[in-house]
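Structure, as structure tokens:
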Amino acid sequence: MNDDLTELEHLSKLLAIEKQKDFEQFRAFVQSLPLSERVSEGYAWYPVQVAKSGYTYGERAYVTLERTKKTELQHQFRAGQPVRFFTNSDEVTKPEKSGVIHSLTRKRMKVILSSKDLPDWLTAGSLGVDLEFDERTYREMEKALKKTKEAKGNRLAELRRIILGEQPAQFAKLPEVQLAQLNEPQNAAVNQILAAEDVAVVHGPPGTGKTTTLVQAVKQLCLVENTVLVCAPSNTATDLLTERLADEGLRVLRIGNISRVDEKIVQHTLEAQIAAHPDSKTIKKVRQEAVETRRKAMKFKRRFGGEERRGRGEMFREAGQLSGWARRLEEQLLERLLDGAQVITCTLVGSANKVLGNRRFRTVVIDEAAQALEPATWIPIARCSKVVLAGDPFQLPPTVKSNEARRGGFGITMIEKCLKRLE
């Protein structure tokens, strides 16, 4: 087995060890607690009430939940985390739905449910929301490592060998740019990013203007590339990049969950841009017609003749056709928004979002790379031909919960490896 493949195989084993340790800790410190303690420790909100509910793009159901008691308590929830929305009502047969936190404030939380249907117990009372184990993040890291290990004869296989030190990174000879708003080291970093054909690394301690440099580099890349993918490990860092890039006048589309409900961020989200588009009114109207038609069909009495049965079947078919039409219109709108963006921002795990489909990018820019576990860094790289890593390798490394995984090198980031191997 090649050294790069051996290294990734070792990394996969460390990822499995870390996942098991993380799950054991979650089960011990969260799942085992009674509800009252989960609330006091910040792992649950209870009771809550539904402030709003409906459907977002892709016909995904959502609920906005509001704390009604103990709002002063600190909590452990963050955007992007999986949760369990439940009721303790004795009259409900299926009392829970899983979902993901889209956004939250001190008192409110918007949850995108994993099902297309809203639960019929929204008004049942005794509602609450629990933190769940983050299986999805590990699943996406596992998939990314598997895809990278199995890559043969394609760009991902080449990037794997370059990043893991099996072959050198190449740089083109281009005319240098000199941006007045940047100092000499920052301009040198921008030129390195533009000249890189495979991998570029931008590093330095806080205060050296890494984010400023990255934003200007992305602006230059947008002059020669259709769309640049920009990622960071956390929603907070991704939202900061979104704001800074938009301030430069770039058309930015933010995919996934957001760290704060701020109009500077919200206006760039996919949901907001779909809602603001003129075509969204047509989609909403067609979808509402489908709902009304289905509701009429459901009102037929159980005992009816052949003619009524045929009419009911026709109504269900019509509702299905209307739903399909709305879905196609929405998919077309989504593609236009994605095609029209100069920059798409998301977290590393968010780059696996289904809305991106099989879309590829020339360049991915990864900020705060020194805070990212290597398996997560491979997720967006699989979509791209060129990688830009930025961060401070001397800051605290990403959190690793398993001592065994840490001893095995699981906390060593991709930017650290690149700095040692690509010099």
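The values are calculated or read from the model by the stated rules, or taken from the named source; none is laboratory data. The shown structure was predicted, so the numbers you read here are calculated from the model rather than taken from an experiment. Quick reminder, even Gly has a Cβ in these numbers, built from the backbone with ideal geometry, and neighbours come from all protein chains shown.
A few comments on the model shown:
- Looking across the stretch 174-218, the residues that are acidic (Asp, Glu) and surrounded by fewer than 17 Cβ atoms within 10 Å (Cβ to Cβ) come down to 176, 184, 197.
- Pairs, first in the same structural domain as residue 43 (by the TED database) and assigned to a loop (DSSP other than H, G, I, E, B) in the stretch 80-103, second surrounded by fewer than 21 Cβ atoms within 10 Å (Cβ to Cβ) and among the hydroxyl-bearing types (Ser, Thr, Tyr), C-beta under 8 Å, six or more apart: 88/126; 89/126; 95/89
- Selection within the stretch 138-167 - of a type in the set (A, V, I, L, M) and under 25 Å from the mean Cα position of the chain (by Cα): 141, 144, 145, 151, 156, 157, 159, 163
- Checking each residue in the stretch 247-270 for being aliphatic (A, V, I, L, M) and farther than 14 Å from residue 345 by Cα picks out only 261.
- Only residues that are part of a helix (DSSP H, G or I), crowded, with 21+ Cβ neighbours inside 10 Å and among the hydrophobic types (A, V, I, L, M, F, W, C) were counted across the stretch 238-255, and they come to 2.
- Extreme residue, nearest to residue 165 (Cα to Cα), among residues of the stretch 1-57 that are loosely packed, with under 14 Cβ neighbours inside 10 Å and of a type in the set (Asp, Glu): 3
- Candidate set from the stretch 375-423 (those that are in contact with a strand residue (DSSP E or B) (Cβ under 6 Å, 6 or more places away or on another chain) and of a type in the set (D, E, K, R)); member that is farthest from residue 365 (Cα to Cα): 383
- Taking residues in the stretch 137-151 that are closer than 14 Å to residue 347 by Cα, and partners anywhere that are small (Gly, Ala, Ser), the pairs with Cβ atoms closer than 6 Å and at least 6 places apart or on different chains are 140/352; 141/376.
- Among the residues of the stretch 33-61, those identified as within 19 Å of residue 134 (Cβ to Cβ) and not charged (D, E, K, R) are 33, 42, 43, 44, 45.
- Residue among 331, 318, 335 that alone is farther than 30 Å from residue 240 by Cα and either among the acidic types (Asp, Glu) or out of contact with any helix residue (DSSP H, G or I) (no Cβ under 6 Å at 6 or more places or on another chain) (or both): 318
- When 123, 105 are screened for being surrounded by fewer than 14 Cβ atoms within 10 Å (Cβ to Cβ) and at pLDDT 90 or above, only 105 passes.
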